[in-house]
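Take a look at the structure set out below.
The values are calculated or read from the model by the stated rules, or taken from the named source; none is laboratory data. This one's a predicted model, so the numbers in the text were calculated from it and none came from an experiment. When we count neighbours, we look across all protein chains shown, and the Cβ atoms used for this are built from the backbone with ideal geometry, even at glycine.
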Amino acid sequence: MARRASSSPRRVRILKDALRVSCTAWLVAAPSGLLAQDAPTPGEIVFEESCAMCHEPAIGGAPTVESMSAMSRNRIRVSLESGVMEAQGEELSSEQIQQVSNFLASDLVADEVIDRDSWRCEGETPAPGLVAWGSWGLGAENHRFVADDQHDIAPGDVSKLRLKWAFGFAGAVRARSQPVVTETLLYTGSQDGTVYALDRQRGCVWWTFEAEAEVRSSPTIVTKDGHAKTLFIGDFEGNVYAIGAATGKLLWKQDVADHPDTTITGSITAHDGRLFVPMSSTEIISAYYKEYECCTFRGGVLALRESDGETLWRMYTTDVPTKRKRNSAGAQLWGPSGAPVWSTPTVDAKRGLVYVGTGENYSTPANDKSDAIIAIEMESGEVRWIQQTIEGDAWNGACGLTKVNCPEEDGPDFDFGAPPIVATLDGKDYILAGQKSGMIFGIDPETGEILWERRLGMGGFNGGVHWGMAVSGGKLIVPITDTPGNRFTTGDPQPGLNALDIKTGERLWSTLHPASCTGKRDCYFNGLSAAVTVTSELAFAGDLNGVLGIYRLDSGERIWSYETRKDFETVNDVRARGGTIDSDGVVLTGNQFFVNSGYDKWGEFAGNVLLAFEVSGDDDG
């Protein structure tokens, strides 16, 4: 794999030097079992000097020691040699990489020999057929609503739901690429960059495609006469791919990164021959290191031509950063920066607009496009209007501990992480937006004026509203996370599911999730962060403890639940376990639905499984 600019010698040296200050922090935070030895092992020494600063305690979402213990030695080694930790790994010798891999990996997790040929379906790949669920939000307006004629699961059917099959992602500790589905096939990405075309009924593999880096977002399907034609995906390194839906063959590839830390977290939106690509970055973590010149990434969205990937326009959420002062370590500071777009763009075809939600600025000064909903002209990329709901939000990973690159504003980090929704009720159009602050907004799409606002949660680094809401009829269905850890919160935590009236924002019902408290982490992770999916009668939502639930839309009552945080026997014989349900929501079509389980960030519960459920003929009773 080609090295990216982010792995420059200077950058690696900065990372390495900064990580060496981690010894004391790790010794305090590390599990007692890891410190029980009379003398540290070579791998423990490498970890203490080179890794602990971020991984304990999960700074910037870095996986914890416990999460990494679920990985194989080979997976950890690959991550350091050519994966997301390549920059750090370049300063380690091959022997040191093997030592730290041996230290972190559990003896219970064998190095899996990946033999994908054994997972293959027999025969010729079937034609994909009609598209059942073709994008992250089930349409460019991001409603996440499944019409009655597109599914066969009513409230009376939930007792007949059964696990049909489970597919394990080899060597992974998270499963966060939401599938898309056709009549015959299911497409999904994975942590190691493999894109799979699975048989929808059996879970076996028809074909695979290898991206250059992790695929976190959902694939997007473009159709011809309703049939799947092309898949579009983005990867962790900022590459966009067009892949034949029937064959898995590469049609074209574009590297759209214009900054070493660029990444694609949100899914691509396709409309009328154009692809709208959200641009985010990991510079928020780079800022943690005292010698890093923070910060120069500019968030935004770009439009590509669907046929060949040519860039049509690029809209930035900050001006070109300029030199500011120097930090206490002597590093040059830059600004403005940040305001990433880390969710899928929303299309308003009626007005010719694309809407995006933005995150916080990374460095001083904060500007007018952070923590905002922005309307962009589809043809030109020009900004039509901006609705910023919180001014002066600049924050990065340094604010959590070192402080050296923390902006003067120091928070509150209240992004719009969930994509806006375009909805129409009684002839009037609304934009519906949920924020990590815990606030929900109804916005006029013509002017950007706020029509109503409603607080549903206390807010926090991981929500309030984190990944996605949904619309059914006149109801807006809102999952609230409300994990603790942000001094800017308002009131008490209110994790759970809610329904609001689209016209007024009036609360129709709330189903709160009390802490289960079977352990410290269970009490912490009882909220709903993943996107919700709805029908005319039901809502499907998974929580951070790994419990998948189905709720009645008329009352909010949870009428079915399934514990995914356990081991599964998989159709591909990969060792798999479920964990936290985060980021992705349920994909529902016909009498089946699909959901990922496992998320290793923020100290949550790692896992690596895709689950397929189906209504059977038998009732529980």
Item to check | Inter-residue pairs, beta-carbon under 9 Å, first at positive phi and assigned to a loop (DSSP other than H, G, I, E, B) and in region 352-376, second modelled with pLDDT of 95 or more and of a type in the set (A, V, I, L, M), 6+ apart | outcome: Gly352/Met378; Asp371/Ala339; Asp371/Ile390
Checklist entry - Here are some residues: Glu453, Glu409. Which one is of a type in the set (D, E, K, R), out of contact with any helix residue (DSSP H, G or I) (no Cβ under 6 Å at 6 or more places or on another chain), in a loop (DSSP other than H, G, I, E, B) and over 13 Å from Gly359 (Cα atoms)? => result Glu409
Item to check | Residue ID - farthest from Trp119 (Cα to Cα), chosen from residues in region 150-172 that are surrounded by 24 or more Cβ atoms within 10 Å (Cβ to Cβ) and aliphatic (A, V, I, L, M) | outcome: Ile153
Next on the checklist: Just the residues that are in a loop (DSSP other than H, G, I, E, B) and among the hydroxyl-bearing types (Ser, Thr, Tyr), please, taken from region 335-351.
Outcome noted: Ser337, Ser343, Thr344
Item to check | Number of the exception - Leu425 against (1) more than 25 Å from the chain's Cα centre (by Cα); (2) closer than 26 Å to Glu283 by Cβ; (3) among the aliphatic types (A, V, I, L, M) | outcome: (2)
Checklist entry - Among the residues of region 132-148, is any small (Gly, Ala, Ser), touching a Leu at 6+ places or on another chain (Cβ under 6 Å) and closer than 28 Å to Arg216 by Cβ? => result no
Next on the checklist: Tell me yes or no: at least one residue of region 304-311 is closer than 23 Å to Phe414 by Cβ, among the hydrophobic types (A, V, I, L, M, F, W, C) and in the same structural domain as Asp584 (by TED's automatic domain parsing).
Outcome noted: no
Checklist outcome for this item: Here the residues within region 544-594 that are of a type in the set (S, T, N, Q) and closer than 21 Å to His466 by Cβ are Asn545, Ser561, Thr564, Thr580, Ser583
Checklist entry - Are there any strands (runs of 3 or more DSSP E) wholly within region 253-334 with 3 or more residues that are surrounded by fewer than 19 Cβ atoms within 10 Å (Cβ to Cβ), more than 20 Å from the chain's Cα centre (by Cα) and basic (Lys, Arg), and if so which? => result 322-326
Checklist entry - Is it fair to say Thr230 is more than 20 Å from Thr296 (Cβ to Cβ) and of a type in the set (S, T, N, Q)? => result yes
Item to check | Single match in Ile376, Ile390 (criterion: within 23 Å of Cys295 (Cα to Cα) and either over 19 Å from the mean Cα position of the chain (by Cα) or at pLDDT below 95 (or both)) | outcome: Ile390
Item to check | Matching option when the condition is basic (Lys, Arg), surrounded by 20 or more Cβ atoms within 10 Å (Cβ to Cβ) and touching a residue at least 12 places away in the same chain (Cβ under 8 Å), among Lys566, Lys601 | outcome: Lys601
